[in-house]
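Colleague: Below are the structure tokens for one structure; questions will follow.
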There are 2 protein chains.
Amino acid sequence: MTSKLEQELEEMLPFWNKLQNEQKAMLSQRAIDKNYLTGTILHAGSEDCVGLFLIRSGRIRAYIVTEEGKEITLFRLVEKELCIFSASCMMRNISFDIWISAETDVETILIPSSLYSQISEKNIAVANFTNEVVSSRMSDVMWVLEEMLVKSFDKRLAHFLIIQSDLEKTDTLKITHEQIANHLGSAREVVTRMMKYFSEEGFIVLKRGSVKIIDKQGLKKLI
Amino acid sequence: MTSKLEQELEEMLPFWNKLQNEQKAMLSQRAIDKNYLTGTILHAGSEDCVGLFLIRSGRIRAYIVTEEGKEITLFRLVEKELCIFSASCMMRNISFDIWISAETDVETILIPSSLYSQISEKNIAVANFTNEVVSSRMSDVMWVLEEMLVKSFDKRLAHFLIIQSDLEKTDTLKITHEQIANHLGSAREVVTRMMKYFSEEGFIVLKRGSVKIIDKQGLKKLI
């Protein structure tokens with residue numbers, strides 16, 4: 001009989017039907033439920049190699065932290081996506097440190113790095129899928145780089161507020177200026193100054209610990 | 001009898017011995033010699049999908065170009081390295097455009113995208129190697145991102161001059177301020193201003209179309 005976990009793995013892993021029965025069994029036996037509260041750090045740079053997170057619900061954020069403590073968001077992953085960089089120890093030639101935290105409460109299935117690595121070395125469908133995931137994340141990082149290179153800060157901030165509002169499905173965002181700065185690789189003061197400008201222009205209303213978007217079209221025009 | 005090309009492929013492709021004889025034969029038959037003069041563009045964004053370049057000699061540069069024509073160098077490849085992003089059409093989930101040009105005269109072996117793709121889908125050693133190459137390039141891009149995020153422009157410029165001098169194995173670099181700006185995603189005026197400062201500090205001597213490093217230690221201290 002197929003377990004609930006096995007059904008979920010089959011639904012979320014595109015290579016499931018290309019696995020050998022033995023590989024399916026190992027995955028079902030060794031994958032475990034892991035849930036995290038908002039704000040928890042799931043993976044801290046190169047300090048751990050916890051495994052791959054398959055997201056059942058919620059949202060995680062991947063970012064880098066500079067020596068000075070500056071952060072910038074690289075990408076975010078939601079339901080049914082696979083987080084592979086929390087297992088970067090299993091990947092040769094990855095020489096950067098990524099941090100991963102829970103942006104909302106998240107429910108995940110954790111696949112141990114060693115097991116995934118072992119299967120990936122033998123099964124070409126898994127290897128090719130890994131390749132696709134890495135390529136997607138590289139595209140995300142290229143996007144961040146291009147944004148930084150090209151866009152003035154007002155455009156990047158306006159874009160961030162719109163994306164955030166779409167993700168949260170609300171116009172009232174519970175987020176601090178500090179948190180926004182950490183998404184955009186900027187300083188809190190810079191965010192505060194630009195938010196004040198946006199508020200004066202009538203795009204947003206500022207409240208303690210939250211921002212309400214009142215003219216989304218205005219923000220979109222800015223971009 | 002093994003051809004010279006086949007010997008080179010064996011030497012440069014780590015997966016060669018894991019290929020089937022038929023795959024070896026196809027590669028040997030369809031790979032071709034391609035040489036380019038300094039400054040030639042080998043691959044222009046998403047406009048073409050020419051294939052994978054195995055570099056026999058010389059150096060190529062991969063960069064992005066913004067809509068405004070601003071450039072930034074992502075990585076450079078030298079002898080015995082494989083350039084895979086000139087075949088990015090064969091990779092799913094790559095959503096960015098990379099440009100590749102010859103920084104010096106280069107001699108390459110060109111492997112057609114379709115052939116590599118076909119072999120990679122069937123041979124796990126090739127798939128895993130592709131993965132390693134993509135991970136390496138992603139690490140390069142992360143490095144650029146971190147540099148942009150963290151370092152002030154004087155440090156990035158000092159670092160660039162040192163790397164360039166190591167690559168060229170000389171202290172006299174034949175490079176214009178415009179070219180340096182295109183490596184660092186900056187403007188020519190910004191480079192000129194900082195080079196003037198470096199020259200006043202006694203790190204370099206400026207000449208038309210070239211820069212002579214006279215105090216490498218001084219530049220290193222700056223970083």
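Colleague: Expressed as a rounded percentage, what relative contact order does chain B have, with Cα pairs under 8 Å and six or more residues apart?
Modeller: Numbers: 343 pairs, mean separation 45.1, N = 223.
Value for chain B: 20 percent.
Colleague: Another question about this same structure. Output, in nm with one decimal and in ascending order, the distances from the A:E147 label point to the matching label points of the other copies (7 Å from Cα along Cα-to-Cβ).
Modeller: 2.2
Colleague: Using only Cα atoms, find the angle between the long axis of helix B:188-200 and the longest principal axis of chain B, and express it within 0 to 90 degrees, rounded to the nearest 10.
Modeller: Helix B:188-200 sits roughly 60 degrees off the main axis of chain B.
Colleague: Still on this structure: Give me the angle, in degrees from 0 to 90, between the Cα long axis of helix A:21-30 and the longest principal axis of the Cα atoms of chain A, rounded to the nearest 10.
Modeller: Its long axis makes an angle of about 50 degrees.
Colleague: Which of the three applies to region B:71-188, rounded, prolate or oblate, going by the alpha-carbon gyration tensor with a ≥ b ≥ c and a/c under 1.5 meaning rounded? It would help to have the intermediate numbers written out before the result.
Modeller: Working: a/c = 2.37, a/b = 1.79, b/c = 1.32.
In terms of gyration-tensor shape, prolate.
Colleague: Moving on. Does region B:151-222 classify as rounded, prolate or oblate by the C-alpha gyration tensor (a ≥ b ≥ c root eigenvalues; a/c under 1.5 gives rounded; else a/b over b/c gives prolate, otherwise oblate)?
Modeller: On the way: a/c = 1.25, a/b = 1.13, b/c = 1.11.
It is rounded, given that a/c, with a ≥ b ≥ c, falls under 1.5.
Colleague: Within straight cross-link reach of A:K196, meaning Cα distance under 27 Å, which lysines are found once same-chain residues fewer than 8 apart are removed?
Modeller: Within the straight-line cut-off, A:K196 pairs with A:K70, A:K151, A:K155, A:K169, A:K174, A:K207, A:K212, A:K216, A:K220, A:K221.
Colleague: Provide a whole-number value for the mean count of partner chain Cβ atoms within 10 Å of the Cβ atoms in peptide A:141-152.
Modeller: On the way: counts 6, 11, 2, 5, 11, 8, 0, 6, 11, 7, 1, 0.
The shielding value for this peptide is 6.
Colleague: Something else now. Can you list, bin by bin at 5 Å, the percent of alpha carbon pairs in region B:1-64, starting at 0?
Modeller: P(r) for region B:1-64, in whole percents per bin: 3, 13, 24, 21, 16, 14, 7, 1, 0.
Colleague: Starting from the Kirkwood Rh over alpha-carbon pairs, what translational D in µm² s⁻¹ does region B:4-146 have by Stokes-Einstein at 25 °C and 0.890 mPa s? Present the calculation step by step, with values, prior to reporting the outcome.
Modeller: Working: Rh = 15.5 Å.
Translational diffusion coefficient: 158 µm²/s.
Colleague: Suppose R0 equals 35 Å; then what is the FRET efficiency for A:E79 and A:T2 from their Cβ-Cβ distance, rounded to the nearest 0.05?
Modeller: Details: r = 21 Å, r/R0 = 0.60.
Efficiency at R0 = 35 Å is approximately 0.95.
Colleague: Kindly provide the helix-only [θ] at 222 nm of chain A, computed as the sum of -39,500 (n - 2.57) over DSSP H runs of four or more divided by all residues, to the nearest 500 deg cm²/dmol? Mind dumping the intermediate values first?
Modeller: Numbers: 8 runs with 100 residues, N = 223.
-14000 deg cm²/dmol, from helical runs alone.
Colleague: Mind listing the label-point distances from B:K174 to the same position on all other copies, shortest first, one decimal in nm, points 7 Å along Cα→Cβ?
Modeller: Going from nearest to farthest copy, the values are 6.4 nm.
Colleague: Under a Cβ-Cβ limit of 4.7 Å, which cysteines in chain A have nobody to pair with?
Modeller: A:C83
Colleague: What are the distances, in nm and sorted shortest first, from the label point of B:K18 to the label points of the same position in each other copy, with each label point placed 7 Å from Cα along the Cα-to-Cβ direction?
Modeller: 1.5
Every number in this text was worked out from the coordinates using simple rules, so none of it is lab data. What you see is a predicted model; the values in this text were computed from it and never measured. Note that each Cβ is placed from the backbone with ideal geometry, even for glycine, and that neighbours are counted across all protein chains shown.
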